[in-house]
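The values are calculated or read from the model by the stated rules, or taken from the named source; none is laboratory data. Note that the structure is a prediction, hence the values are computed from the model and not measured. We place every Cβ from the backbone using ideal geometry, glycine too, and count neighbours over all the protein chains shown.
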Amino acid sequence: MRFVETWIPATLVSTRDLAPAIREFLIRPDQFDGSAYPVGSHINVSVTIDGQPETRSYSLVGEASPQGFRIAVRRAEDSRGGSRYMWQLAPGARLDITRPSSLLAVDWTRQNYCLIAGGIGITPIISAAQALARRGAAVTLHYAVRGRADAAYLDELSSLLGDRLVVHASDEGKRLDLDSLFAALPKGTLTLFCGPMRMLDAARHAWIGAGHPLPDLRYETFGSSGTLPTETFRVRLKGSGVELEIPRERSMLDVLNASGFEVIADCKRGECGLCAIDVVEVDGEIDHRDVFFSDHQKQSNQKICACVSRARGTITVDTLLRADAV
(Lines give C-alpha, C1' and ligand atoms only; values in the text may rest on other atoms or scores of the structure.)
Protein backbone atom coordinates (compact mmCIF):
# COMPACT_ATOMS: atom_id res chain seq x y z
CA MET A 1 0.00 0.00 0.00
CA ARG A 2 1.15 3.53 -0.74
CA PHE A 3 -0.08 5.06 2.49
CA VAL A 4 1.71 3.52 5.48
CA GLU A 5 0.47 5.30 8.58
CA THR A 6 3.04 5.71 11.34
CA TRP A 7 1.37 7.41 14.29
CA ILE A 8 3.41 9.62 16.59
CA PRO A 9 2.52 11.68 19.69
CA ALA A 10 2.60 15.45 19.43
CA THR A 11 1.64 18.65 21.24
CA LEU A 12 -0.40 21.60 20.00
CA VAL A 13 2.07 24.44 20.55
CA SER A 14 -0.03 27.44 19.50
CA THR A 15 -2.95 28.65 17.41
CA ARG A 16 -3.67 31.87 15.56
CA ASP A 17 -6.65 33.08 13.58
CA LEU A 18 -5.84 33.86 9.94
CA ALA A 19 -9.36 34.84 8.88
CA PRO A 20 -12.79 34.81 10.53
CA ALA A 21 -13.23 31.11 9.76
CA ILE A 22 -9.62 29.91 9.35
CA ARG A 23 -7.32 29.02 12.24
CA GLU A 24 -3.69 27.93 12.07
CA PHE A 25 -2.36 25.20 14.37
CA LEU A 26 1.34 24.71 15.13
CA ILE A 27 1.90 21.07 16.09
CA ARG A 28 5.21 19.71 17.31
CA PRO A 29 5.87 15.95 17.47
CA ASP A 30 7.59 14.67 20.60
CA GLN A 31 10.57 13.43 18.58
CA PHE A 32 10.97 16.18 16.00
CA ASP A 33 14.04 16.97 13.92
CA GLY A 34 12.59 19.43 11.40
CA SER A 35 13.33 17.15 8.46
CA ALA A 36 12.16 18.27 5.02
CA TYR A 37 9.01 16.74 3.57
CA PRO A 38 7.73 16.63 -0.02
CA VAL A 39 5.69 19.47 -1.51
CA GLY A 40 1.96 18.93 -0.99
CA SER A 41 2.42 16.79 2.12
CA HIS A 42 -0.37 16.18 4.59
CA ILE A 43 -0.70 14.62 8.01
CA ASN A 44 -3.58 12.70 9.54
CA VAL A 45 -4.81 13.78 12.95
CA SER A 46 -6.72 11.60 15.40
CA VAL A 47 -9.88 13.42 16.49
CA THR A 48 -12.84 12.53 18.69
CA ILE A 49 -16.33 13.15 17.34
CA ASP A 50 -19.40 12.31 19.43
CA GLY A 51 -17.21 10.12 21.60
CA GLN A 52 -15.90 8.11 18.63
CA PRO A 53 -12.27 8.11 17.43
CA GLU A 54 -11.98 9.42 13.88
CA THR A 55 -9.19 10.52 11.54
CA ARG A 56 -8.95 13.76 9.59
CA SER A 57 -6.36 14.76 7.02
CA TYR A 58 -4.83 18.24 6.82
CA SER A 59 -2.28 19.68 4.39
CA LEU A 60 0.95 21.04 5.82
CA VAL A 61 1.43 24.76 5.32
CA GLY A 62 4.75 25.76 3.81
CA GLU A 63 8.08 24.02 3.82
CA ALA A 64 9.64 22.33 6.83
CA SER A 65 10.22 24.47 9.92
CA PRO A 66 12.17 23.72 13.13
CA GLN A 67 9.13 24.92 15.08
CA GLY A 68 6.90 22.03 14.00
CA PHE A 69 4.11 21.30 11.53
CA ARG A 70 1.66 24.03 10.54
CA ILE A 71 -1.87 23.22 9.41
CA ALA A 72 -4.81 25.56 8.79
CA VAL A 73 -8.37 24.44 9.44
CA ARG A 74 -11.48 26.16 8.12
CA ARG A 75 -14.38 26.14 10.56
CA ALA A 76 -17.15 24.59 8.46
CA GLU A 77 -20.62 24.07 9.87
CA ASP A 78 -21.35 21.74 6.97
CA SER A 79 -18.58 19.34 7.93
CA ARG A 80 -18.31 15.94 9.54
CA GLY A 81 -17.11 17.35 12.85
CA GLY A 82 -13.35 17.48 12.37
CA SER A 83 -13.10 21.26 12.20
CA ARG A 84 -15.30 21.68 15.29
CA TYR A 85 -13.03 19.34 17.22
CA MET A 86 -9.87 21.10 16.11
CA TRP A 87 -11.24 24.55 16.89
CA GLN A 88 -12.01 23.62 20.50
CA LEU A 89 -8.40 22.58 21.18
CA ALA A 90 -6.16 24.85 23.27
CA PRO A 91 -2.35 25.07 23.26
CA GLY A 92 -0.87 22.23 25.26
CA ALA A 93 -3.37 19.68 23.96
CA ARG A 94 -1.92 16.27 23.19
CA LEU A 95 -2.50 14.80 19.74
CA ASP A 96 -1.72 11.69 17.75
CA ILE A 97 -0.64 12.44 14.19
CA THR A 98 0.95 10.61 11.27
CA ARG A 99 4.23 11.42 9.60
CA PRO A 100 3.94 13.60 6.47
CA SER A 101 3.19 11.98 3.13
CA SER A 102 2.39 13.31 -0.33
CA LEU A 103 1.16 12.19 -3.73
CA LEU A 104 1.58 15.59 -5.40
CA ALA A 105 4.46 14.90 -7.81
CA VAL A 106 6.19 18.01 -9.10
CA ASP A 107 8.37 18.04 -12.21
CA TRP A 108 11.02 20.64 -11.36
CA THR A 109 12.35 20.79 -14.95
CA ARG A 110 9.41 22.68 -16.51
CA GLN A 111 9.78 26.16 -17.95
CA ASN A 112 6.46 27.45 -16.59
CA TYR A 113 4.31 26.73 -13.56
CA CYS A 114 0.76 27.76 -12.71
CA LEU A 115 -0.55 27.38 -9.16
CA ILE A 116 -4.28 27.59 -8.42
CA ALA A 117 -5.91 27.63 -5.00
CA GLY A 118 -9.55 27.90 -4.02
CA GLY A 119 -10.15 29.09 -0.46
CA ILE A 120 -8.55 26.84 2.15
CA GLY A 121 -6.97 24.96 -0.77
CA ILE A 122 -4.13 27.45 -0.45
CA THR A 123 -2.54 25.32 2.28
CA PRO A 124 -0.71 22.72 0.14
CA ILE A 125 0.02 25.30 -2.57
CA ILE A 126 2.17 27.47 -0.30
CA SER A 127 5.03 24.98 -0.11
CA ALA A 128 5.03 24.67 -3.90
CA ALA A 129 5.12 28.46 -4.25
CA GLN A 130 8.04 28.68 -1.81
CA ALA A 131 10.01 25.92 -3.54
CA LEU A 132 9.46 27.35 -7.02
CA ALA A 133 10.25 30.91 -5.96
CA ARG A 134 13.46 29.71 -4.32
CA ARG A 135 14.44 28.03 -7.60
CA GLY A 136 13.76 31.21 -9.57
CA ALA A 137 11.11 29.43 -11.64
CA ALA A 138 8.52 31.18 -13.81
CA VAL A 139 5.49 30.73 -11.56
CA THR A 140 2.16 32.50 -11.08
CA LEU A 141 -0.32 31.79 -8.28
CA HIS A 142 -4.04 32.37 -8.84
CA TYR A 143 -5.87 32.56 -5.50
CA ALA A 144 -9.69 32.43 -5.65
CA VAL A 145 -11.58 33.63 -2.55
CA ARG A 146 -14.93 35.17 -1.67
CA GLY A 147 -13.16 38.26 -0.35
CA ARG A 148 -9.69 39.35 0.67
CA ALA A 149 -10.70 39.11 4.33
CA ASP A 150 -11.14 35.36 3.76
CA ALA A 151 -7.71 34.93 2.13
CA ALA A 152 -5.32 33.19 4.53
CA TYR A 153 -1.59 33.90 4.17
CA LEU A 154 -2.21 36.76 1.72
CA ASP A 155 0.54 39.01 3.11
CA GLU A 156 3.04 36.15 3.21
CA LEU A 157 2.30 35.22 -0.39
CA SER A 158 2.40 38.84 -1.57
CA SER A 159 5.89 39.24 -0.11
CA LEU A 160 7.00 35.98 -1.71
CA LEU A 161 5.56 36.42 -5.19
CA GLY A 162 4.81 40.10 -5.71
CA ASP A 163 2.81 40.63 -8.90
CA ARG A 164 3.01 36.92 -9.65
CA LEU A 165 0.20 36.52 -7.09
CA VAL A 166 -3.22 37.16 -8.65
CA VAL A 167 -6.14 37.35 -6.22
CA HIS A 168 -9.58 36.58 -7.64
CA ALA A 169 -12.01 37.98 -5.06
CA SER A 170 -15.68 37.41 -5.84
CA ASP A 171 -16.82 40.44 -3.85
CA GLU A 172 -14.60 42.60 -6.10
CA GLY A 173 -16.09 41.11 -9.27
CA LYS A 174 -12.83 39.32 -10.08
CA ARG A 175 -13.91 35.72 -10.41
CA LEU A 176 -11.40 33.21 -11.76
CA ASP A 177 -12.01 32.40 -15.42
CA LEU A 178 -10.37 29.00 -15.84
CA ASP A 179 -11.15 28.76 -19.56
CA SER A 180 -9.35 32.01 -20.33
CA LEU A 181 -6.49 31.26 -17.95
CA PHE A 182 -5.74 27.82 -19.38
CA ALA A 183 -6.12 28.99 -22.97
CA ALA A 184 -3.37 31.58 -22.36
CA LEU A 185 -0.89 29.19 -20.72
CA PRO A 186 2.17 28.16 -22.74
CA LYS A 187 2.25 24.53 -23.79
CA GLY A 188 4.15 22.41 -21.32
CA THR A 189 3.06 24.44 -18.29
CA LEU A 190 2.71 22.33 -15.15
CA THR A 191 -0.35 23.35 -13.13
CA LEU A 192 -0.86 22.48 -9.48
CA PHE A 193 -4.39 22.86 -8.11
CA CYS A 194 -6.17 22.57 -4.78
CA GLY A 195 -9.78 23.58 -4.22
CA PRO A 196 -13.30 22.28 -3.67
CA MET A 197 -14.70 19.50 -5.83
CA ARG A 198 -16.87 21.75 -8.03
CA MET A 199 -13.84 23.89 -8.80
CA LEU A 200 -11.69 20.84 -9.55
CA ASP A 201 -14.29 19.47 -11.96
CA ALA A 202 -14.40 22.84 -13.72
CA ALA A 203 -10.61 22.95 -13.86
CA ARG A 204 -10.33 19.53 -15.45
CA HIS A 205 -12.92 20.37 -18.11
CA ALA A 206 -11.24 23.71 -18.88
CA TRP A 207 -7.80 22.10 -18.97
CA ILE A 208 -8.86 19.47 -21.49
CA GLY A 209 -10.78 22.08 -23.48
CA ALA A 210 -7.61 24.17 -23.78
CA GLY A 211 -5.79 21.20 -25.29
CA HIS A 212 -3.37 20.58 -22.44
CA PRO A 213 -2.43 16.98 -21.51
CA LEU A 214 -4.36 15.93 -18.40
CA PRO A 215 -1.23 14.64 -16.57
CA ASP A 216 0.07 18.24 -16.55
CA LEU A 217 -2.82 19.20 -14.24
CA ARG A 218 -1.96 17.89 -10.81
CA TYR A 219 -4.02 18.38 -7.72
CA GLU A 220 -4.36 17.94 -4.01
CA THR A 221 -7.83 17.06 -2.74
CA PHE A 222 -9.85 17.48 0.39
CA GLY A 223 -12.47 14.78 0.64
CA SER A 224 -15.00 16.75 2.68
CA SER A 225 -15.83 18.74 -0.43
CA GLY A 226 -18.92 17.70 -2.36
CA THR A 227 -21.78 18.94 -4.47
CA LEU A 228 -24.46 18.10 -1.88
CA PRO A 229 -24.69 19.18 1.78
CA THR A 230 -23.17 16.70 4.21
CA GLU A 231 -26.11 14.89 5.79
CA THR A 232 -27.14 11.52 7.18
CA PHE A 233 -27.98 8.83 4.63
CA ARG A 234 -28.70 5.10 4.64
CA VAL A 235 -26.94 2.13 3.09
CA ARG A 236 -28.55 -1.26 2.44
CA LEU A 237 -26.30 -4.31 2.09
CA LYS A 238 -27.36 -6.51 -0.81
CA GLY A 239 -28.55 -9.95 0.22
CA SER A 240 -28.10 -9.36 3.96
CA GLY A 241 -31.27 -7.56 5.00
CA VAL A 242 -29.06 -5.06 6.83
CA GLU A 243 -29.59 -1.31 6.56
CA LEU A 244 -27.08 1.06 8.14
CA GLU A 245 -27.30 4.73 8.95
CA ILE A 246 -24.29 6.83 7.94
CA PRO A 247 -24.28 9.90 10.21
CA ARG A 248 -22.92 13.18 8.87
CA GLU A 249 -19.89 12.89 11.18
CA ARG A 250 -18.71 9.48 9.89
CA SER A 251 -17.74 8.00 6.54
CA MET A 252 -19.48 5.08 4.88
CA LEU A 253 -16.17 3.21 5.02
CA ASP A 254 -15.92 3.57 8.80
CA VAL A 255 -19.52 2.53 9.42
CA LEU A 256 -19.28 -0.51 7.12
CA ASN A 257 -16.08 -1.73 8.73
CA ALA A 258 -17.37 -1.11 12.27
CA SER A 259 -20.49 -3.15 11.39
CA GLY A 260 -18.48 -6.15 10.20
CA PHE A 261 -18.77 -5.53 6.45
CA GLU A 262 -15.06 -5.23 5.75
CA VAL A 263 -14.02 -2.90 2.96
CA ILE A 264 -10.32 -2.60 2.22
CA ALA A 265 -8.92 0.90 1.85
CA ASP A 266 -5.66 2.74 1.46
CA CYS A 267 -5.57 6.52 0.99
CA LYS A 268 -8.96 7.35 2.57
CA ARG A 269 -8.92 10.55 0.48
CA GLY A 270 -10.81 9.43 -2.63
CA GLU A 271 -7.64 9.16 -4.69
CA CYS A 272 -6.66 5.48 -4.99
CA GLY A 273 -10.03 3.75 -5.59
CA LEU A 274 -9.21 0.74 -3.42
CA CYS A 275 -12.34 1.16 -1.28
CA ALA A 276 -14.70 1.32 -4.29
CA ILE A 277 -17.76 -0.89 -3.91
CA ASP A 278 -20.60 -1.82 -6.24
CA VAL A 279 -23.80 0.21 -6.19
CA VAL A 280 -26.90 -1.93 -6.82
CA GLU A 281 -29.67 0.65 -6.44
CA VAL A 282 -30.00 4.36 -5.71
CA ASP A 283 -33.08 5.76 -4.01
CA GLY A 284 -31.95 9.36 -3.89
CA GLU A 285 -28.69 10.82 -5.17
CA ILE A 286 -24.99 9.94 -4.87
CA ASP A 287 -22.47 12.68 -4.12
CA HIS A 288 -19.22 11.41 -5.65
CA ARG A 289 -16.44 13.19 -3.75
CA ASP A 290 -13.54 11.15 -5.12
CA VAL A 291 -11.04 12.04 -7.82
CA PHE A 292 -10.51 8.41 -8.84
CA PHE A 293 -13.50 7.82 -11.13
CA SER A 294 -14.05 9.59 -14.44
CA ASP A 295 -17.07 11.82 -15.05
CA HIS A 296 -18.68 9.01 -17.08
CA GLN A 297 -18.16 6.49 -14.27
CA LYS A 298 -19.63 8.87 -11.73
CA GLN A 299 -22.68 9.50 -13.90
CA SER A 300 -23.27 5.74 -14.24
CA ASN A 301 -23.45 5.37 -10.42
CA GLN A 302 -22.19 1.79 -10.66
CA LYS A 303 -19.54 2.23 -7.97
CA ILE A 304 -18.83 4.50 -5.03
CA CYS A 305 -15.66 5.27 -3.10
CA ALA A 306 -16.72 4.47 0.45
CA CYS A 307 -14.02 6.60 2.09
CA VAL A 308 -15.23 10.05 1.01
CA SER A 309 -18.35 9.85 -1.15
CA ARG A 310 -21.81 10.26 0.35
CA ALA A 311 -25.44 10.23 -0.69
CA ARG A 312 -28.86 11.69 -0.14
CA GLY A 313 -31.55 9.13 0.65
CA THR A 314 -30.74 5.40 0.54
CA ILE A 315 -28.34 3.40 -1.61
CA THR A 316 -27.98 -0.37 -1.88
CA VAL A 317 -24.42 -1.66 -2.22
CA ASP A 318 -22.59 -4.96 -2.56
CA THR A 319 -19.26 -4.99 -0.70
CA LEU A 320 -18.15 -8.34 -2.13
CA LEU A 321 -17.98 -7.58 -5.87
CA ARG A 322 -14.96 -5.28 -6.17
CA ALA A 323 -12.74 -7.18 -8.60
CA ASP A 324 -12.43 -4.28 -11.03
CA ALA A 325 -12.37 -1.41 -8.52
CA VAL A 326 -8.60 -0.89 -8.54
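Mind checking which residues of the stretch 256-281 are closer than 15 Å to THR316 by Cα and surrounded by fewer than 17 Cβ atoms within 10 Å (Cβ to Cβ)? Once the filter is applied, which keeps residues that are closer than 15 Å to THR316 by Cα and surrounded by fewer than 17 Cβ atoms within 10 Å (Cβ to Cβ), the stretch 256-281 yields VAL280, GLU281. Listed by position, the strands (runs of 3 or more DSSP E) enclosed by the stretch 204-303 that each have at least 1 residues that are of a type in the set (Ser, Thr, Tyr) are 217-220.
The C-beta contact set for the stretch 146-163 (first residue closer than 21 Å to ALA21 by Cβ, second residue among the hydroxyl-bearing types (Ser, Thr, Tyr), distance under 6 angstrom, 6+ apart or interchain) comprises ARG146/SER170.
Just checking, which of GLY121, GLY92 is of a type in the set (Gly, Ala, Ser) and not in a loop (DSSP other than H, G, I, E, B)? Full working, then the answer.
Values: GLY92 fails: not in a loop (DSSP other than H, G, I, E, B).
Exactly one of GLY121, GLY92 is of a type in the set (Gly, Ala, Ser) and not in a loop (DSSP other than H, G, I, E, B), namely GLY121.
In the stretch 178-203, the residue that is modelled with the lowest pLDDT out of those that are of a type outside the set (Gly, Ala, Ser) and in a loop (DSSP other than H, G, I, E, B) is PRO196. All conditions but one from (1) at pLDDT 85 or above; (2) under 18 Å from ASP290 (Cα atoms); (3) out of contact with any helix residue (DSSP H, G or I) (no Cβ under 6 Å at 6 or more places or on another chain) apply to ALA258; the one that does not is (2). Across the stretch 124-144, the qualifying residues are those that are in contact with a helix residue (DSSP H, G or I) (Cβ under 6 Å, 6 or more places away or on another chain), assigned to a strand (DSSP E or B) and not hydroxyl-bearing (Ser, Thr, Tyr), and the one among them that is surrounded by the most Cβ atoms within 10 Å (Cβ to Cβ) is LEU141. With respect to being out of contact with any Cys (no Cβ under 9 Å at 6 or more places or on another chain) and assigned by TED's automatic domain parsing to the domain that holds HIS212, ALA133 fits the description. Among the residues making up the stretch 70-97, those that are surrounded by fewer than 19 Cβ atoms within 10 Å (Cβ to Cβ) and farther than 23 Å from GLY195 by Cα are GLN88, LEU89, ALA90, PRO91, GLY92, ALA93, ARG94, ASP96.
When you check SER65 against the structure, is it surrounded by fewer than 13 Cβ atoms within 10 Å (Cβ to Cβ), out of contact with any helix residue (DSSP H, G or I) (no Cβ under 9 Å at 6 or more places or on another chain), of a type in the set (Gly, Ala, Ser) and part of a loop (DSSP other than H, G, I, E, B), yes or no? Even if it seems obvious, please write down each step before you answer.
Details: surrounded by fewer than 13 Cβ atoms within 10 Å (Cβ to Cβ): no; out of contact with any helix residue (DSSP H, G or I) (no Cβ under 9 Å at 6 or more places or on another chain): yes; of a type in the set (Gly, Ala, Ser): yes; part of a loop (DSSP other than H, G, I, E, B): yes.
Taking the combined requirement at face value, the residue does not satisfy it.
Each residue in the stretch 24-69 was checked for being free of Cβ contacts under 8 Å to residues at least 40 places away in the same chain and either touching a His at 6+ places or on another chain (Cβ under 7 Å) or on the phi > 0 side of the Ramachandran plot (or both), and 2 of them qualify.
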